[in-house]
Every structure is written in C-alpha cells, then in structure tokens.
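Novice: Pasting in a structure now, in structure tokens, and then I'll have a few things to ask.
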C-alpha cells in the first residue's frame, strides 16, 4: 500500500467544499473516510510521497525529504519500521527500513506483514517464516502460510493444517485445524479455529471453549 500525499490533499479540499454545501451523497461519505485516512497519515512524522518518476520515499511534516524516493511502493510507518519494496513487473522484493531510511530487513522477500511483538512474517518462494527487528530469520521459512504474533503465539500452516508456534518456533498447539477464523490470532486468551465443518474457540493450550 502507498499513499500519494498530493492526491490526498486534493481530496481533502474537495471534501471541505462539499461539506460547506451540505451535500449528503455517497461521494461525500467516501470522501469523509478518505479525509480521516488523510488525518491519520499526516499525524505521522514521516509521510510517504512519490516523485515525478513514480518512485516512493518519505518526507517529514515540513516537506523535507527524509528517505529518498527509490522504491516502487512503501507502507506507512508502524512504530519504528515500514515495509518498502521494488517491483519490476515480474518479481516483488520487499523488506523493512527504519526511520532514518536504513534497511534493517533486506529486500529479498516476496511478501511481508507488519511487525507484531518484535516479529514480522515474511514469504519467499511460497514459504513463510519470521524475521526479527535486526533482520535475522528468527523462525525459518518452512511454513505454507503464517499470521502475525499475538499474546505470544502465531498461527502457521504446515502440510495443509494450522497450528500455533511461539517466538522460538516451538509448536505449542498441534497442526490439526483446517482454518483460522475471526481475527486469525489470539485475543483475550482465545482464537477461533475450524475443524471439519465446525468453527469454535480454543484457549492457548488448545482446549475447546464452550
């Protein structure tokens, strides 16, 4: 995902004009949502932008370039890190940078998720694992799919079944589930799973909750 700050600014001005005229249309509702997104983006101290060549980087609130535009796409910063990537039309390569623009996770993965509890899932050649904030592959890329860490556990898929591992890669809940439902991660000690044709909640020990 990337955000063109110029386009968002234009959208904001358009919304303000329509608000004055009190036009209650579907377009206004969509624009309001975009305006809220604009506010969230500009609340950050580093804002994605693109140059005339379509390359993306980051500026600060004064418009000063902090990270030169050299990426095909960038994400907004989530904490101290942001996903960035390059795509030549055939292959996508992504990694993470810090707020100085330093690459902390090399751009060698085909896909990645945001950091959660110090780890981010990454995918290369259809295999998933986790990197830490030093760029180290803390959990090897051996899984068919992976979700983010929450409450110390992450759902991962192996041999067509889902289970849960801890930050050391140790299996905590065996691989037996057909799908992960709901938020796809633990919340307040439980997560929704599918086994056969049933969806139900389990606790962090794998016990079914009634």
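Novice: Yes or no: region 119-127 includes at least one residue that is touching a residue at least 24 places away in the same chain (Cβ under 8 Å), surrounded by fewer than 18 Cβ atoms within 10 Å (Cβ to Cβ) and in a strand (DSSP E or B).
Specialist: No, there is no match, as no residue in region 119-127 is touching a residue at least 24 places away in the same chain (Cβ under 8 Å), surrounded by fewer than 18 Cβ atoms within 10 Å (Cβ to Cβ) and in a strand (DSSP E or B).
Rundown of residues vs (1) modelled with pLDDT of 90 or more; (2) under 30 Å from residue 140 (Cβ atoms); (3) loosely packed, with under 15 Cβ neighbours inside 10 Å, yes/no style:
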site	(1), (2), (3)
7	no, no, yes
22	no, no, yes
26	no, no, yes
53	yes, no, yes
83	yes, yes, no
95	yes, yes, no
106	yes, yes, yes
109	yes, yes, no
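Novice: Here is a follow-up. Can you find, within region 173-200, the residue that is surrounded by the most Cβ atoms within 10 Å (Cβ to Cβ) among those that are touching a residue at least 24 places away in the same chain (Cβ under 8 Å) and more than 24 Å from the chain's Cα centre (by Cα)?
Specialist: Taking the candidates together, the pick is 173.
Novice: Given the conditions (1) over 18 Å from the mean Cα position of the chain (by Cα); (2) under 24 Å from residue 102 (Cβ atoms); (3) buried (at least 17 other Cβ atoms within 10 Å of the Cβ), which single one is not true for residue 136?
Specialist: (3)
Novice: OK, next. Give the residues of region 147-160 that are farther than 20 Å from residue 209 by Cβ and assigned to a strand (DSSP E or B), sorted by residue number.
Specialist: Within region 147-160, 156, 157, 158 meet the criteria.
Novice: Could you list, in sequence order, all residues of region 53-98 that are touching a residue at least 24 places away in the same chain (Cβ under 8 Å), in a loop (DSSP other than H, G, I, E, B) and in contact with a strand residue (DSSP E or B) (Cβ under 7 Å, 6 or more places away or on another chain)?
Specialist: Residues satisfying the conditions are 75, 76.
Novice: I need the full set of residues from region 166-191 which are within 16 Å of residue 117 (Cβ to Cβ) and not in a loop (DSSP other than H, G, I, E, B), in order please.
Specialist: At the first step, the residues of region 166-191 found to be within 16 Å of residue 117 (Cβ to Cβ) are 166-170, 172, 183-189, 191.
Passing the criteria: 172, 187, 191.
Novice: Let me ask something else. Among the numbered criteria (1) farther than 29 Å from residue 66 by Cα; (2) not in a strand (DSSP E or B), which single criterion is violated by residue 139?
Specialist: (2)
The values are calculated or read from the model by the stated rules, or taken from the named source; none is laboratory data. Owing to the predicted nature of the structure, the values given are computational and were not obtained by experimental measurement. In this analysis, Cβ positions are derived from the backbone assuming ideal geometry, glycine residues included, and neighbour counts consider all displayed protein chains.
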